[in-house]
Amino acid sequence: ASKMDQFKELKPGGIEILVGTPGRIIDMIKMKATNFRRVSFLVLDEADRMFDLGFEPQVRSICDNIRPDRQTLLFSATFPKKVEILAREVTSEPVRISIGNVVIEILADDGYKWEWLMTHLVALCVEGSVLVFVSRKGGVEELSNNLQQTGHKCGALHGDMMQSDRDKVLRDFKNNKFPIMVATDVAARGLDIKAVKNVVNYDVARDIDSHVHRIGRTGRAGEKGTAYTLITQKEDKFAGDLVRNLESSGQPVPDALMSLAMQ
């Protein structure tokens with residue numbers, strides 16, 4: 001919507017909840033369409049994403065101009081230092097809540113990944129939809145074809161697909177046309193499907209932030225979910241990153257993962 005249309009909607013008052021991007025909210029304040037005087041609850045959603053997009057100055061400006069006795073809720077899939085600093089500055093007596101049930105499987109080599117998947121996939125599908133992440137576009141086609149050949153209905157999603165084809169796959173997955181979707185990280189951020197009960201990191205992510213966004217595709221909106229990560233002996237560097245991530249979020253570190261990280 002245009003600024004003027006939004007101005008006309010806000011100006012008469014009576015708005016109890018205002019949702020917007022930081023830049024547009026500040027635009028409306030400057031145009032005197034509304035003000036922060038009555039704001040008692042502030043919600044910062046996807047704080048890390050807003051920082052990545054360069055909205056830190058706008059976010060801080062909004063926080064600085066809302067009454068100090070407000071209640072602030074900050075949601076962030078990842079928690080880099082700059083987001084942690086903001087959280088400490090804009091909250092009072094904060095409580096940090098980390099959500100997620102994670103399972104780490106240490107495997108001898110890549111050959112055992114398929115065996116693990118075949119052993120567990122039926123049980124995972126009984127619980128709900130399954131999202132399987134691989135690192136390469138070619139790996140998506142290969143794994144989805146192998147699954148179909150073994151009788152598993154599944155979809156494939158990667159960055160080389162036309163947008164219309166990607167939209168159709170997502171729509172069909174959301175409508176339970178098939179219970180399994182194999183994808184690259186193109187699906188990791190922004191995918192919100194409550195039916196996804198299990199995420200399987202068939203290949204580890206390129207970095208820990210991508211990993212966090214992957215596992216965040218399950219356990220959405222209060223639903224229960226589990227993320228499984230298959231790590232081989234050669235991936236000791238990622239194992240170290242994962243150990244630090246688990247420790248920082250207060251989750252237990254499996255002994256096998258710690259041993260791999262210390263190699």
The range 154-167 residues that are over 9 Å from V182 (Cα atoms), paired with ones that are at pLDDT below 90 (beta carbon under 6 Å, 6 or more apart): G159/V186
Out of V102, V140, V169, sole residue that is surrounded by 14 or more Cβ atoms within 10 Å (Cβ to Cβ) and in contact with a Leu (Cβ under 6 Å, 6 or more places away or on another chain): V169
Among residues of the range 201-248, those that are farther than 26 Å from D52 by Cα and of a type in the set (F, W, Y), counted: 2
Among (1) assigned to a loop (DSSP other than H, G, I, E, B); (2) farther than 29 Å from A183 by Cβ, the one test that I62 misses: (1)
Subset of the range 118-153 [touching a residue at least 24 places away in the same chain (Cβ under 8 Å) and either aromatic (F, W, Y) or under 15 Å from T184 (Cβ atoms) (or both)]: L131, V132, F133, V134, S135, R136, K137, G139, V140, L143, S144
Residue within the range 44-67 that is touching a residue at least 60 places away in the same chain (Cβ under 8 Å) and more than 26 Å from the chain's Cα centre (by Cα) present: no
Where A108 falls short, out of the listed (1) aliphatic (A, V, I, L, M); (2) at pLDDT below 90; (3) surrounded by 14 or more Cβ atoms within 10 Å (Cβ to Cβ): (3)
Residues (surrounded by 10 or more Cβ atoms within 10 Å (Cβ to Cβ), within 15 Å of L42 (Cα to Cα) and modelled with pLDDT of 90 or more) located in the range 1-30: L18, G20, T21, P22, I25, I26
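The values are calculated or read from the model by the stated rules, or taken from the named source; none is laboratory data. Remember, it's a predicted structure, so these values are computed and weren't measured experimentally. Methodologically, a virtual Cβ is constructed for each residue, glycine included, from the backbone with ideal geometry; neighbour enumeration extends over all protein chains shown.
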